[in-house]
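**Student:** Can you keep this structure in mind? I'll have questions shortly.
The values are calculated or read from the model by the stated rules, or taken from the named source; none is laboratory data. Quick caveat, the model's predicted, so the values are computed rather than measured. For neighbour counting, all protein chains shown are included, and Cβ atoms are generated from backbone atoms with ideal geometry for every residue, glycine included. Just so you know, the surface numbers come from the protein's heavy atoms only, side chains and all, with ligands and any DNA or RNA stripped out. Shrake-Rupley method; radii C 1.70, N 1.55, O 1.52, S 1.80 Å.
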Amino acid sequence: MLDSTLDFIKVGFLQTHPSFGKKTANVEEAIRLSRQVETDLLILPELFNTGYNFLDRKEVSMLSEEIPGGPTTTRLLDESKRRRMTFVAGLVERSEDCLYNSAVVASRGELMGVYRKVHLFSREKILFNPGRDGFKVYDLNSFKLGVIICFDWIFPEAARVLALNGAEVIAHPSNLVLQGFAQKAMLARAVENRVYTVTANRVGVEKRGGRRLRYTGKSQIVSPEMKILASATAREVVAKSYNIDLRMARDKYITPHNDLFQDRRTKLYSGILSQL
Ligand code: ACM
């Protein structure tokens, strides 16, 4: 059982290969696969229940759900309660007239929050509304969790804001298509903030409406010292976890003379960066 004194927790990713539009089957398959690992926190990919390569906004709308109340969130909440653990999982959220590329944090039967993707990638700009609520840190008793989604990786501000607000672990549900960039960049996001990062990517090819997308897999758990603690190949469907030492993320000293956050020279950074 997690409590505020714990220094070690198990974190993991599930790398999936969803069938486009087959929501119930995708959710049940993800739940089945997730049972292969025992972990306190499991990250599922972006849009894990629907697939990613939507034809148009109408199709996004048809596959969307309200949060809470929708079947995917309800199923994740039930499973998280039964297993006394936390899921972070991506799905299309419908809220009034808006459609968001969102991720839920479902922890031991409780919806801790929803992150709506801020930095939309490519055609997502015509399919979704951009998130406007920013980046939140969730206190899960024994550790602090932040969430970014996929393309957010290329904006270091996202992970920085989360780390400055206390995140020790950053969940990164993804459907990555640019070959290999993000997996490398996430090593930098981890070391520059001294946090653990967990990227859960998907695999396979989606060819719809003349558009073909190949997803890059290679999900990974990265330490604050840039070590890849667990990873998947580019093609496998797999769940992996790793026992992480949270003390490493809480200690921001790089040398006895260098505290990562205290040493920032915010007055010397121009424009908006000076506020970070
Ligand atoms: C992406 O943001 N899904 C590439």
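**Student:** Could you list all residues from segment 24-59 that are among the β-branched types (Val, Ile, Thr), out of contact with any Leu (no Cβ under 7 Å at 6 or more places or on another chain) and in a loop (DSSP other than H, G, I, E, B)?
**Tutor:** Those that are among the β-branched types (Val, Ile, Thr), out of contact with any Leu (no Cβ under 7 Å at 6 or more places or on another chain) and in a loop (DSSP other than H, G, I, E, B): Val37, Thr39.
**Student:** Now for a different question. State the number of residues belonging to segment 30-67 that are within 15 Å of the ligand (Cβ to nearest atom) and β-branched (Val, Ile, Thr).
**Tutor:** Adding up the residues that qualify gives 3.
**Student:** Which residues, taken from segment 114-142, are away from the ligand (no atom under 13 Å from the Cβ), under 13 Å from the mean Cα position of the chain (by Cα) and open to solvent by less than 10 Å² (accessible area, probe 1.4 Å)?
**Tutor:** Of everything in segment 114-142, just one residue is away from the ligand (no atom under 13 Å from the Cβ), under 13 Å from the mean Cα position of the chain (by Cα) and open to solvent by less than 10 Å² (accessible area, probe 1.4 Å), namely Tyr115.
**Student:** Might you check whether a residue that is farther than 28 Å from Arg35 by Cα, assigned to a helix (DSSP H, G or I) and out of contact with any strand residue (DSSP E or B) (no Cβ under 7 Å at 6 or more places or on another chain) occurs anywhere in segment 208-228?
**Tutor:** No; the residues of segment 208-228 include none that is farther than 28 Å from Arg35 by Cα, assigned to a helix (DSSP H, G or I) and out of contact with any strand residue (DSSP E or B) (no Cβ under 7 Å at 6 or more places or on another chain).
**Student:** Would a scan of segment 183-196 turn up a residue that is closer than 19 Å to Lys144 by Cα, open to solvent by 50 Å² or more (accessible area, probe 1.4 Å) and either of a type in the set (D, E, K, R) or within 15 Å of the ligand (Cβ to nearest atom) (or both)?
**Tutor:** Yes: segment 183-196 contains one or more residues that are closer than 19 Å to Lys144 by Cα, open to solvent by 50 Å² or more (accessible area, probe 1.4 Å) and either of a type in the set (D, E, K, R) or within 15 Å of the ligand (Cβ to nearest atom) (or both).
**Student:** While we're looking at this one, here's another question. Can you tell me which residue among Lys58, Lys10 is without any contact (Cβ under 8 Å) to a residue 60 or more places away in the chain and open to solvent by 10 Å² or more (accessible area, probe 1.4 Å)?
**Tutor:** On the way: Lys10 fails: without any contact (Cβ under 8 Å) to a residue 60 or more places away in the chain.
The match here is Lys58.
**Student:** Something else now. Counting only residues that are open to solvent by less than 60 Å² (accessible area, probe 1.4 Å), closer than 22 Å to Lys144 by Cα and over 21 Å from the mean Cα position of the chain (by Cα), how many does segment 230-263 have?
**Tutor:** Looking only at that region, the number is 4.
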